[in-house]
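All remarks here apply to the structure that follows.
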Amino acid sequence: TDSTVHAKGQVIHFDTPLSLEEWQWINALNTMLPDDIVIRQVEKKTEEFHARYGVEKKEYRYRVLLSKTADVFRRNYVYQYPYPLEINSIRKAIPYFIGTHDFTSFCSAKTDKKDKVRTIYEIELIEQNDEIIFRFVGNGFLYNMVRIIVGTLLSVGQGKLDPDSIPEILAKQNRQFAGKMAPGHGLYLWEVNYNN
């Protein structure tokens, strides 16, 4: 993941000639990692398994703290947003993102992907105490795509963009029409699911 972005469900794979028990792998790998990275589970897979190319769907979550004052204990884990939001406007805009679309308007110009068509299966807005959490499930996401969608939805919530403008922004396939990109520290790779 990018700097400041979190991963609860990151999956990696590697080939090895060694044959260790799962708990031995966990202990051995964790002794070599920095304190903010932890191996929680190890599974033996077939040679065909690939952590990047065998993905069926991914889930990301983005946490927004709705507060005028910063929370020093959560400052690295949520995006503190001090402005009032019209949550119903955000909820009205969300369905426009669901489905298969060209997300050129919602990805970084730095993306190395030529094909910018992705499918979003679900977007959920969860209100939880002083936070809103955006939950995204899709077949894949472009570079900065979730952060740009969140920034756009926050612009909708502030009244800077009309909820019904989302289809037009998608159709323009131009990054300059979408909202600002939300910062990385509110983003979490939550779960990765595989075909087999």
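The values are calculated or read from the model by the stated rules, or taken from the named source; none is laboratory data. Computed from a prediction, not measured in an experiment: that's the story for all the values here. Cβ: placed from backbone, ideal geometry, glycine included. Neighbour counts: every protein chain shown.
So here's what we get for this one:
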| item | result |
| --- | --- |
| Count of the stretch 157-174 residues which are touching a residue at least 24 places away in the same chain (Cβ under 8 Å) and either over 24 Å from Y81 (Cα atoms) or of a type in the set (F, W, Y) (or both) | 5 |
| Residue check for R118: closer than 24 Å to I133 by Cα and of a type in the set (D, E, K, R) | yes |
| Single condition V42 does not satisfy, out of (1) without any contact (Cβ under 8 Å) to a residue 60 or more places away in the chain; (2) touching a helix residue (DSSP H, G or I) at 6+ places or on another chain (Cβ under 6 Å); (3) not in a loop (DSSP other than H, G, I, E, B) | (3) |
| Which listed residue is in a helix (DSSP H, G or I) and at pLDDT 95 or above, from N27, N88 | N88 |
| Number of the condition not met by N196 [criteria: (1) over 17 Å from E59 (Cβ atoms); (2) of a type outside the set (F, W, Y); (3) in contact with an Asp or Glu (Cβ under 6 Å, 6 or more places away or on another chain); (4) modelled with pLDDT under 95] | (3) |
| Any hit, the stretch 135-156, residues being in contact (Cβ under 8 Å) with a residue 40 or more places away in the chain, within 20 Å of R74 (Cβ to Cβ) and not in a helix (DSSP H, G or I) | yes |
| Residue match in the stretch 69-87 (condition: surrounded by fewer than 16 Cβ atoms within 10 Å (Cβ to Cβ), within 19 Å of N193 (Cα to Cα), of a type outside the set (D, E, K, R) and free of Cβ contacts under 8 Å to residues at least 60 places away in the same chain) | no |
| Sole residue being within 30 Å of E48 (Cβ to Cβ), buried (at least 16 other Cβ atoms within 10 Å of the Cβ) and of a type in the set (F, W, Y), chosen from Y194, Y188 | Y188 |
| Test: residue in the stretch 103-123 that is more than 17 Å from the chain's Cα centre (by Cα) and either in a helix (DSSP H, G or I) or modelled with pLDDT of 95 or more (or both) | no |
| Selection within the stretch 1-46 - out of contact with any His (no Cβ under 6 Å at 6 or more places or on another chain), among the polar types (S, T, N, Q) and within 27 Å of R61 (Cβ to Cβ) | T1, S3, Q10, N30, Q41 |
| All positions within the stretch 3-21 that are within 30 Å of G138 (Cα to Cα) and either surrounded by fewer than 10 Cβ atoms within 10 Å (Cβ to Cβ) or in contact with an Asp or Glu (Cβ under 7 Å, 6 or more places away or on another chain) (or both) | S3, G9, I12, F14, D15 |
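Condition check ((1) surrounded by fewer than 19 Cβ atoms within 10 Å (Cβ to Cβ); (2) touching a Lys or Arg at 6+ places or on another chain (Cβ under 9 Å)) across all residues:
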site	(1), (2)
I94	no, no
I98	yes, no
D130	yes, no
I133	yes, yes
